[in-house]
Amino acid sequence: MKLEGRIALVTGGGSGIGRAIAHLFADEGALVVVNDVRLEAAEKTVKEMRDPGRGRALQADVADSGQVRTMFVALEREFGALDVLVNNAGVATTSGEDREAIAKRAETRIMETLGGQGVETHLDVTQHLSDEAWRRMLAVHLDGTFFCTREALRLMSRRNRGAIVNISSVAALMGLETVPHYSAAKGAILSFTRAVAREVASRGIRVNAICPGFIDTPMTQPMPPLLRAAALARTPLGRNGEPREVAATALFLASDDGSFFTGQWLSPNGGLFTG
Ligand SMILES: NC(=O)c1ccc[n+]([C@@H]2O[C@H](COP(=O)([O-])OP(=O)(O)OC[C@H]3O[C@@H](n4cnc5c(N)ncnc54)[C@H](O)[C@@H]3O)[C@@H](O)[C@H]2O)c1
């Protein structure tokens, strides 16, 4: 067992990739605090563990530093320490965005490209992005990663050991044209990962990131068929990834198997990005 006796916190653990990470970590012997903004989703993840005694659900919106602080107070009271933090909570879209219209334009562009007549339909995402959509996207991903990392480092610094895994995205490496705010947030998470990794290495704390490609989760379910096909066409392995494949990467980075990795990113992406 690769995480025997370790205490782990997985944010956004109520669904998709976070749920798979929480389950794998528990199977590998960790006690897993499953955070989600939706309490019932976090509780369901715990209930569905092979041994639900290895899990504990805690609700908090990671974009709210007060809620994050309260969650860590509860975690410390109950477990006394933290060995592993996975900053996974995320959203692909925020309220008030017309994702359907953007998807439709993206599909029209694909048809125009295939037709060979030149592209006349423009995505025009950034020029219509509201302050609120921009801020909420950065708040959930970037603020959330910072707030949880800050609290985790206070606990990890007491014992001078720990591992932090930040879930970024291929959006950080390539830029995804339909989600500029998401791409910006994920890119900032990578820079934050590198800086904090250098900062806390002397304390024996490792910080790494994962940049998944397209993974089948509730987040990618609403992708229209043509966009899905276009993503598959650009993925040499010819399929989307599964949450368990990202979870295996997280386990590697969080456990002693990844003991010489810090400030790095790994990208389970089926060959979509090879840089
Ligand atoms: N699915 C993909 O293709 C893909 C690719 C690259 C990166 N990612 C990233 O992986 C992570 C997980 O995505 P997923 O595909 O499993 O999505 P998902 O929608 O299945 O799960 C995300 C979970 O995060 C929770 N959440 C959202 N906002 C939160 C907040 N403010 N506080 C706490 N919890 C919150 C949601 O309730 C949900 O349970 C995200 O950071 C996402 O950006 C996903």
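Values in this text are rule-based calculations from the coordinates and carry no lab data. Fair warning: this is a prediction, and the values are worked out from it, not measured in the lab. Cβ atoms come from the backbone with ideal geometry, glycine included; neighbour counts cover every protein chain shown.
Here are a few things to note about the model shown:
- Applying 1/(1 + (r/R0)^6) with r as the Cβ-Cβ distance of L39 and E112 and R0 = 35 angstrom yields a FRET efficiency of 0.20.
- Averaged over residues, the count of other Cβ atoms within 10 Å places the peptides 241-247, 5-11, 210-216 in the sequence 5-11, 210-216, 241-247, highest first.
- Calculated [θ] (222 nm, deg cm²/dmol) that DSSP helices of n ≥ 4 give over the chain, each run adding -39,500 (n - 2.57): -14000 deg cm²/dmol
- Axial C-alpha extent at least 18 Å, average Kyte-Doolittle at least -1.0 - helices from the chain (DSSP): 65-79, 99-115, 144-159, 180-200
- Highest-first arrangement of 177-186, 132-141, 30-39, where packing means the average Cβ count within 10 Å: 30-39, 177-186, 132-141
- Label separation (S130 vs R203): 3.8 nm, computed from points 7 Å beyond Cα along the C-beta direction.
- The distance linking region 159-219 with region 226-275 is 12 Å (Cα centroid to Cα centroid, whole angstrom).
- Under a model in which nothing but the beta-carbon of Lys, Arg (+1) and Asp, Glu (-1) is charged, the chain shows a dipole of about 740 debye around its Cα centre.
- For the chain, the Kirkwood hydrodynamic radius comes to 19.1 Å, computed from all pairs of different C-alpha atoms.
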